[in-house]
Amino acid sequence: MNEKMLWAHAQHILAQDASGHAMDHITRVVATTRNLLRQTPAADATIAVAAALLHDTYDDKLVASVPAAKAATAAVLTAAGATAAQATAIFAIIDHMSFKANLAGRQPLSLEGQLVQDADRLDAIGAIGIARAMMYGGAHGSRLYDPAIQPREQLDAAGYRSTESTILNHFDEKLLKLAALMNTPAAKRLAAHRQAVMQDFLAEFHAEWDGQS
């Protein structure tokens, strides 16, 4: 499979993104996927890397039309030399790996899908995760913090992005939950450190907010 063609397609879709999903995100997810692949020899590297490269190319929060964007991704996969079986495996990963897709229940993923999901979730936590949360909230006009708005306890796909919350609440609603959801031992080890980074940040944030630090 021609990775350069997949890369070019992702870049075409995401190069101008200012919400934390630009090509620097894709680069990190691919790099982490490759790292996890080295520790998981049974996984198909071609499938995993392709899914990592393309996982945001038809995300509903990033494109105007999901069906049109998905069709474009399918066409690129064919042009890049993917077989029908490979394309099916790649789409199965992308369609079932997101946090939103798993709100109603954990979706089944192939071994390759578990690696890509771990890599994507690792990029949502830790220092970079904090920065990306601020980028996304700023790009969408979210308030930074309001003590009167409590974190949402029950989330479903319909209300995940449509009901009011704040950037700081996003940590309780999603980011602090991700470490416990990692699939692989290697990802769990990395997530433990990044979880501590976020917890330290939140403790300092609230101390400063209250004038105590």
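Derivation of every value follows stated rules applied to the coordinates shown; laboratory data play no part. Since the model is a prediction, treat every value here as computed from it, not as a measurement. Every residue, glycine as well, gets a Cβ built from its backbone with ideal geometry; the counts of neighbours run over all protein chains shown.
Can you give the extra length, in nm with one decimal, that the chain gains between Ala15 and Asp172 once fully stretched, where that is 0.36 nm per residue apart less the Cα-Cα distance? Please report the intermediate quantities before stating the final value.
Working: separation 157, 0.36 × 157 = 56.52 nm, distance 2.93 nm.
Additional length available on full extension: 53.6 nm.
So how tilted is helix 66-79 from the main axis of the chain? Cα-based, degrees 0 to 90, rounded to 10.
Approximately 40 degrees, to the nearest 10.
Would segment 1-119 count as rounded, prolate or oblate if I go by the C-alpha gyration tensor, calling it rounded below 1.5 in a/c and otherwise prolate when a/b exceeds b/c, oblate otherwise?
Working: a/c = 1.28, a/b = 1.15, b/c = 1.12.
Here segment 1-119 falls in the rounded category.
Could you state the angle between the C-alpha long axis of helix 111-122 and the longest principal axis of the C-alpha atoms of the chain, as a value from 0 to 90 degrees rounded to the nearest 10?
With both axes taken from Cα atoms, the answer is about 30 degrees.
Which entries in the list Lys70/Lys100; Lys61/Lys174; Lys61/Lys177; Lys4/Lys70 go over 24 Å, if you measure between the two C-alpha atoms of each? Could the numbers behind the result be given before it?
Numbers: Lys70/Lys100 18 Å; Lys61/Lys174 16 Å; Lys61/Lys177 21 Å; Lys4/Lys70 18 Å.
Too far apart for the 24 Å limit: no listed pair.
Order these by the 10 Å Cβ neighbour count, fewest first: Ile90, Ile130. Intermediate values should be presented prior to the final figure.
Working: Ile90 30, Ile130 20.
Starting with the residue having the fewest Cβ neighbours, the order is Ile130, Ile90.
Within a 10 angstrom radius of the beta carbon, how do Tyr136, Tyr145, Tyr58 rank from fewest other beta carbons to most?
Values: Tyr136 19, Tyr145 13, Tyr58 22.
Least crowded to most crowded, the residues run Tyr145, Tyr136, Tyr58.
What residue among Asp123, Asp24, Asp56 shows peak mean-square fluctuation when the chain is described by a Gaussian network model with Cα springs under 10 Å?
Fluctuation is largest for Asp24.
Once a ≥ b ≥ c are taken as the square roots of the eigenvalues of the Cα gyration tensor of segment 25-69, is the result rounded (a/c under 1.5), prolate (a/b larger than b/c) or oblate (a/b not larger than b/c)? Each step should come with its number before you reach the end.
Numbers: a/c = 4.41, a/b = 2.32, b/c = 1.90.
Here segment 25-69 falls in the prolate category.
So what's the gap between the Cα centers of segment 1-60 and segment 133-149, to the nearest angstrom?
Answer, in whole Å: 27.
Just from its helices, what would the mean residue ellipticity at 222 nm be for the chain, if runs of 4 or more DSSP H residues each count -39500 (n - 2.57) and the sum is divided by every residue, rounded to the nearest 500 deg cm²/dmol? Write out the running numbers ahead of the final one.
Details: 9 runs with 123 residues, N = 213.
Rounded to the nearest 500, it is -18500 deg cm²/dmol.
Quick one: angle between helix 45-54 and the longest Cα principal axis of the chain, in degrees between 0 and 90, rounded to 10, please.
Tilt relative to the chain: about 60 degrees.
Starting from 0.36 nm per residue, how many nanometres of slack lie between Ala192 and Ala84 once their C-alpha separation is accounted for?
35.1 nm
Can you list residues whose amide H is under 5 Å from Arg143's amide H, if they're 5+ apart or on another chain and H is modeled 1.01 Å from N?
Ile167
For the residues Phe99, Phe205, what sequence is obtained by ranking on other C-beta atoms within 10 Å, fewest first?
Working: Phe99 19, Phe205 16.
Fewest to most other Cβ atoms nearby, the residues stand as Phe205, Phe99.
By per-residue mean of other Cβ atoms within 10 Å, what is the highest-first order of 42-48, 82-88? Present the calculation step by step, with values, prior to reporting the outcome.
On the way: 42-48: 17.9, 82-88: 14.4.
Ranked by mean Cβ neighbours within 10 Å, highest first: 42-48, 82-88.
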